[in-house]
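Colleague: Could you have a look at this structure, given as structure tokens, before my questions?
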Amino acid sequence: LNPRPSKVEKVLDSNPGLFQGYGEARFDFNLGTNANPEDQYFLEMYALADKNNLIVQIHPDRGQLPALERLLKKYPDVKFLAHVMPDVKKEVGKLMGTYSNLYYSLDAEIHYLFGYHTIQDNKGPTKEEYLKFMRENFDSLLKEALDDWKQIIEAYPNQFTWVTDRWYRWHFDSEVSGLVVEFGRTFIGHLDPAVQKNVAYKNAEKLLQER
């Protein structure tokens, strides 16, 4: 999963303009020993991203917020797209006020495809379990998501994007997709009208266009 940076550099040099980003650089796997965002391997990859104007999608583990801040400072021209850091959402907002190269995608931690909600006991659900869970708890989950994120998003409206973070086969099922889209649109529809389009798609467009 982690090809040598020299190999990656050759691929990038051979395909100018093909790649838009690097990642997901994930550091919170439940099994085995997790890597550190500041390991030498990843520092070389961020440097390649800097050289090739690539967005870096990053998923830090708990306790790695200081490391993320050091990276934002060390690579000011690299746009870091972080996600699934619900325990430090206020701190993420504060970082955005200092580092314009920090972006955050609202995805699985809000629509719970991976079982991140405490009610789900952090257990990856089946398709049927997920549909039942979302339909029975739609309104309360929406309120919770808005309570958690609305104020922060409206304070930093140019640095949030909406995505879906799908992985398992059933995540792409049409019934599941419809419910995920419905939840996302309902969530965005409850934000200040002045920021809705930014979160829905304009910030994502800007991320890509300004590369």
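Colleague: Dipole magnitude of the range 1-108 about its Cα centre, charges +1 at Lys/Arg Cβ and -1 at Asp/Glu Cβ only, in debye to the nearest 20? All intermediate terms of the calculation are to be shown ahead of the outcome.
Modeller: On the way: 13 positive and 14 negative charges, 27 e Å.
Using Cβ point charges on Lys, Arg, Asp and Glu, the range 1-108 gives about 140 debye.
Colleague: If you don't mind, there's one more thing I want to ask. To the nearest 20 debye, what is the magnitude of the charge dipole of the chain about its Cα centre, counting +1 on the Cβ of each Lys and Arg and -1 on the Cβ of each Asp and Glu?
Modeller: Values: 26 positive and 31 negative charges, 98 e Å.
Once rounded to the nearest 20, the dipole reads 480 debye.
Colleague: Work from the charge dipole of the range 1-62 (Cβ charges, +1 for Lys and Arg, -1 for Asp and Glu, about the Cα centre) and give the residue of Ser14, Val56, Pro3 farthest towards its positive end.
Modeller: Positive-end residue among those listed: Ser14.
Colleague: Do the alpha carbons of any pairs in Lys90/Lys150; Lys73/Lys150; Lys89/Lys150; Lys79/Lys202; Lys94/Lys123 sit beyond 21 Å of each other, and which pairs? If you can, show how the numbers build up before the last one.
Modeller: Working: Lys90/Lys150 11 Å; Lys73/Lys150 26 Å; Lys89/Lys150 11 Å; Lys79/Lys202 16 Å; Lys94/Lys123 30 Å.
Check vs 21 Å cut-off fails for Lys73/Lys150; Lys94/Lys123.
Colleague: Give me the percent relative contact order of the chain, please, defined on Cα pairs under 8 angstrom at least 6 residues apart. Before the final figure, lay out each step's value.
Modeller: On the way: 247 pairs, mean separation 33.8, N = 211.
Reported relative contact order: 16 percent.
Colleague: Only four residue types carry charge here, +1 at the Cβ of Lys and Arg and -1 at the Cβ of Asp and Glu. Report the dipole size of the range 119-171 about the Cα centre in Debye, rounded to the nearest 20. Mind showing how you got there, number by number?
Modeller: Working: 8 positive and 10 negative charges, 60 e Å.
I would put it at about 280 debye.
Colleague: Taking amide hydrogens as modeled 1.01 Å from N in the peptide plane, which residues meet the under 5 Å criterion relative to Ala82, leaving out close sequence neighbours?
Modeller: Ile58, Tyr103, Tyr104, Ser105
Colleague: With Rg and the Kirkwood Rh both taken from Cα atoms, where does Rg over Rh land for the chain? Each step should come with its number before you reach the end.
Modeller: Details: Rg = 17.5 Å, Rh = 18.2 Å.
Reported Rg/Rh, Kirkwood definition of Rh: 0.96.
Colleague: Follow-up question, since we're still on this one. For the range 1-64, compute the orientation-averaged projected area of the C-alpha convex hull (one quarter of its surface), in nm². Show your work: numbers first, answer last.
Modeller: On the way: hull surface 17.9 nm².
Directional mean of the projected Cα hull area for the range 1-64 stands at 4.5 nm².
Colleague: Over all directions, what mean area does the Cα convex hull of the range 61-143 project, stated in square nanometres?
Modeller: Values: hull surface 24.6 nm².
Projected area, direction-averaged: 6.2 nm².
Colleague: To the nearest 10 square angstrom, what accessible area does Ser100 show with a 1.4 Å probe?
Modeller: Number for this one is 90 Å².
Colleague: For the charge dipole of the chain, defined by +1 on Lys and Arg C-beta atoms and -1 on Asp and Glu C-beta atoms about the Cα centroid, which residue among Gln40, Phe138, Val88 has the Cα displaced farthest towards the positive pole?
Modeller: Farthest towards the positive end: Gln40.
Colleague: Would you compute, from DSSP H runs of 4+ residues alone, the mean residue ellipticity of the chain at 222 nm, taking -39500 (n - 2.57) per run and dividing by the full residue count, rounded to the nearest 500? Don't skip to the end; give the middle numbers.
Modeller: On the way: 9 runs with 104 residues, N = 211.
Calculated mean residue ellipticity at 222 nm is -15000 deg cm²/dmol.
Colleague: By accessible area of protein heavy atoms, probe 1.4 Å, what ranking do Trp149, Trp167 get, highest first?
Modeller: Values: Trp149 5, Trp167 155 Å².
So, going from the largest accessible area down, we get Trp167, Trp149.
Colleague: How big, on average over all directions, is the shadow cast by the Cα convex hull of the range 9-121, in nm²? Intermediate results must be reported in sequence, preceding the final value.
Modeller: Values: hull surface 32.0 nm².
Computing the convex hull of the Cα atoms and averaging its projections yields 8.0 nm².
Colleague: Rounded to whole Å and sorted largest first, list the principal axis extents of the Cα atoms in the range 48-94.
Modeller: Its Cα atoms span 32, 17, 16 Å along the three principal axes.
The values are calculated or read from the model by the stated rules, or taken from the named source; none is laboratory data. Given the structure is predicted, the values throughout are model-derived calculations rather than measurements. With ideal geometry, Cβ positions are generated from the backbone for all residues, glycine too; neighbour counts draw on all protein chains shown. Only protein heavy atoms, including side chains, enter the accessible area calculation; ligands, DNA and RNA are left aside. Shrake-Rupley method; radii C 1.70, N 1.55, O 1.52, S 1.80 Å.
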